[in-house]
Amino acid sequence: MRIEKKRIRKLEANLLRAHEGALLVASFPVDEVAPGRLQRVGFTSKAEVGERVLPSALGPASRYNAHGGTLVHRGQPMETVYRQIEWTWIEWHGRDRVEKTDFRDVPYKRYPRTRVPPPAIELSIASVASGQNLVVAPPFEYRRSTAANLMLSINLVLELFGACDILDQDLVPILAVPAMRVNWTILPKGKMPWETLKPHLDEVIGRQKPMNRKIAEHRLKVITRHGPEFAAVGRGGFAGYVVFGFPTKSLFILECVRYGNATYVLDRDWEILSQMTKAEILNNAYHKARFIHVDRWEARVARLLASARQA
């Protein structure tokens, strides 16, 4: 069954032949994907069977899937929050004018907000018995009472590829192969000064709004000063995330350059972290620490790394 729409709003109207409890899979044939589209979604240029990725935020459905959302509580009193800005001023040193630059936390009022975590549905390259390769979402049960994930997976495929085939996994079994998550690109190993590392991060920084780029660059530069042993840049739905590895300290710093996010410190092996879903990585159970991008952020990062023991 093929759906050809921009998005669906009701499952029942689009899955007339599906029976309650069926395991359904949103899919699209690899050989029908427009050139370059798989790479934009986050897959490698080879697009091998077994690759699994959190898809890039290329529209409303994939943006919500990768980054989550926000509930604004307009019925509650406003609260004071802070945003970072770059501040430049002139100092007189005798007869010389010296330009100084620093980063400041500026308070402002807004309605309270609750962050909605991202569903983080991943897409895979899979094969069916006929030998055809497909882009597939995970199978979800068709139940009218719990249809959110199935509807999101259908809308993801519609948004990313322009159409969606619905497979009943009981009738069209997908061949099981070991999953290879390709959410990260590991940069050349070894300690690199900021001048060497910066070209690899220019694309990450450049995706931010102009007013946030200097702040994002500043945070990445601060972490680099502590001499990470390797770095990895997020792909697909992890775009905007950079991991700085300190394996001899058993620490990994996950920095998100997107405005309003935080710095996560994790103490798992990189091999384990690289195969985790976004939901697993951001789950509180895996955090050693979490630093909001506000006052004393730089000092907290420095203190944590200085106190960490060598493995």
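Read-outs throughout are calculated quantities, based only on the coordinates presented, and are distinct from any laboratory measurement. Because the structure is predicted, anything quoted here is derived from the model rather than measured. Methodologically, a virtual Cβ is constructed for each residue, glycine included, from the backbone with ideal geometry; neighbour enumeration extends over all protein chains shown.
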Computed from the beta carbon distance with a Förster radius of 41 Å, FRET efficiency for Trp89 and Arg143 to the nearest 0.05 stands at 0.10
The rounded separation in angstrom of the Cα centers of the range 284-304 and the range 241-272 is 11
In nanometres, the difference between 0.36 nm per residue of separation and the alpha-carbon distance of Arg303 and Arg17 is 97.0 nm
Subtracting the Cα-Cα distance of Arg37 and Gln132 from 0.36 nm times their residue separation yields 32.4 nm
Around Val204 (Cβ within 13 Å, Cβ-to-Cβ, excluding Val204; K/R +1, D/E -1) the net charge comes to +3
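So what is the diffusion coefficient of the range 184-307 in µm² per second by Stokes-Einstein at 25 °C and 0.890 mPa s, using a Kirkwood Rh over Cα pairs?
It diffuses with D of about 169 µm²/s by this estimate.
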Sites removed, the longest contiguous part of the chain containing no DSSP-loop GluC sites (Glu not before Pro) with at most 16 other Cβ within 10 Å is 49-228
Restricting to Cα pairs under 8 Å and 6 or more apart, the percent relative contact order of the chain works out to 22
Given backbone amide H placed at 1.01 Å from N, residues whose amide H is under 5 Å from that of Arg181, ignoring those fewer than 5 places away on the same chain, are Arg52
So the FRET efficiency between Ile8 and Glu271, C-beta based with R0 = 35 Å and rounded to 0.05, is 0.35
Phi-derived 3J(HN,Hα) across the range 72-85 with the Karplus relation (6.51, -1.76, 1.60, θ = phi - 60°), rounded Hz, x for Gly and Pro, is 9, 9, 6, x, 9, x, 5, 10, 8, 10, 10, 10, 8, 9
Pro139 neighbourhood, Cβ < 12 Å, K/R = +1, D/E = -1, net charge -3
In a Gaussian network model of the chain with springs linking alpha carbons closer than 10 Å, the residue among Ala18, Ala231, Ala26 that fluctuates most is Ala18
The FRET efficiency for Thr44 and Val98, from their Cβ-Cβ distance with R0 = 41 Å and rounded to 0.05, is 0.25
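Please report the antiparallel percentage of the DSSP beta bridges confined to the chain, to the nearest 5. Walk me through the numbers on the way to the answer.
Values: 59 of 61 bridges.
Just about 95 percent of them are antiparallel.
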Per-residue ellipticity at 222 nm attributable to helices in the chain (runs of n ≥ 4 DSSP H, -39500 (n - 2.57) apiece, nearest 500 deg cm²/dmol) works out to -7000 deg cm²/dmol
If each part is reduced to its alpha-carbon centroid, the range 10-49 and the range 140-206 end up apart, in Å, by 11
Residue-ordered couplings for the range 246-255, obtained by feeding phi - 60° into the Karplus form 6.51 cos²θ - 1.76 cosθ + 1.60 and rounding to whole Hz (Gly and Pro as x), are 10, x, 5, 9, 6, 10, 9, 9, 9, 10
Full extension between His73 and Lys109 adds, at 0.36 nm per residue less the Cα distance, a length in nm of 11.7 nm
Computed for the chain: size of charge dipole around the Cα centre, +1 on C-beta of each Lys and Arg, -1 on C-beta of each Asp and Glu, debye to nearest 20, value 1120
Helix 297-307: inclination vs the chain longest Cα principal axis, degrees, rounded to 10, gives 90
Here, trypsin sites (Lys or Arg not before Pro) of the range 37-82 satisfying both criteria (DSSP loop; at most 13 other Cβ within 10 Å) are Lys46, Arg74
Comparing Asn183, Asn155, Asn212 in a Gaussian network model of the chain (Cα, 10 Å), the one with the largest mean-square fluctuation is Asn212
The local net charge around Leu187, scoring Lys/Arg +1 and Asp/Glu -1 for residues other than Leu187 whose Cβ lies under 13 Å from its Cβ, equals +1
Expressed in nanometres to one decimal, the distance between label points 7 Å along Cα→Cβ at Thr80 and Arg225 is 2.8
